[in-house]
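Notes follow the structure.
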């Protein structure tokens, strides 16, 4: 995951439901990071951080993306980082799917993904 700080913050779809296991979180982050590309990004994009809420269908297909939190020197940089994050998730799904078990859909129906382009640890 060189050049990428990606942390999965999970939001259970139903209160009381278990969240995605740590091992599954790592597998999901690894899959998405394979498609993370910030080549040619400007300084504002590299200095930004976004939290993207992704809603998934039971087959693991991403169905909705929402920018729920962001920080950065400019709106253009934030928008660019959001677009890169969205593309990475879509490309990861298109390349054989994401490592999400249909049986556990309630635990990963909605996932918040935290992306930081400059490699800083994000929380």
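None of the figures in this text is laboratory data; all of them are computed from the coordinates on show. Just so it is clear, the structure is predicted and the values come from calculations on it, not from any experiment. Using ideal geometry, Cβ is built from the backbone for each residue, glycine included, and neighbour counts are taken over all protein chains shown.
The mean sequence separation of alpha-carbon pairs under 8 Å and at least six residues apart, normalised by the residue count of region 5-116, gives a relative contact order of 45 percent.
With the simple model of a label 7 Å out from the Cα in the direction of the Cβ, residue 105 to residue 68 spans 2.0 nm.
Relative to its Kirkwood radius, the Cα radius of gyration of region 24-123 gives an Rg/Rh of 0.97.
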